[in-house]
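Peer 1: Got a structure for you, questions after.
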Amino acid sequence: MGIKITRELVKYVYLNTPDKEVVKKELEKLYEIMERNIKEIGSNREVRLIIKDFEMLSDIFDVLYIRKDFSSEEITHFAKREEHLKSKFSMKKEYMRKKKNYNGIYIYA
């Protein structure tokens, strides 16, 4: 039996972790996981899960502002990575949509 990870739990953990470097490492791991998940999208369910991950990421940014030990440049760096992931995600969604609607090339002789 596992633990359901809620957005409130994630915000609590990021807010109450005393070491700033640990938070940075965990954010980097989260970005790597999200990037891997975007590459492996195969269903609409996975698309919905990634959208929820982006919502959780925006909550984490709110917590970083509350912590006040992250500079605005560091937060901007993480925000740029998020925008990069969002652009990859939108391209992948568009690719999936086109692939789903593609019927092949028909050659009539």
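Peer 1: List the trypsin sites (Lys or Arg not before Pro) within segment 1-78 that fall in a DSSP loop (any state other than H, G, I, E or B) and whose Cβ has at most 15 other Cβ atoms within 10 Å.
Peer 2: When the trypsin sites (Lys or Arg not before Pro) of segment 1-78 are filtered for loop state and at most 15 Cβ neighbours within 10 Å, LYS4, LYS68 remain.
Peer 1: Take the alpha carbon atoms of the chain, find their radius of gyration, then divide it by 2.2 N^0.38 Å using N residues; give the quotient.
Peer 2: Normalised by 2.2 N^0.38 Å, the Cα Rg of the chain equals 1.37.
Peer 1: Each label point is 7 Å from the Cα along the Cα-to-Cβ direction; what then is the distance between the points at GLU73 and LYS86, in nm?
Peer 2: Computed distance between label sites GLU73 and LYS86 equals 2.4 nm.
Peer 1: Summing -39500 (n - 2.57) over the DSSP H runs of n ≥ 4 in the chain and dividing by its residue number, what mean residue ellipticity at 222 nm do you reach, to the nearest 500 deg cm²/dmol?
Peer 2: -26500 deg cm²/dmol
Peer 1: Taking Cα pairs under 8 Å and at least six residues apart, what relative contact order does segment 1-99 come out at, in percent?
Peer 2: Normalised by residue count, the contact order of segment 1-99 is 40 percent.
Peer 1: What are the GluC sites (Glu not before Pro) within segment 23-89 that DSSP puts in a loop, where the Cβ has at most 12 other Cβ atoms within 10 Å?
Peer 2: Filter output for segment 23-89: GLU40.
A short reminder: the numbers here are calculations on the coordinates, not readings from a lab. Keep in mind the model is a prediction, meaning the values are calculated, not measured. So basically every Cβ, Gly included, is an ideal-geometry build from the backbone, and we count neighbours across all protein chains shown.
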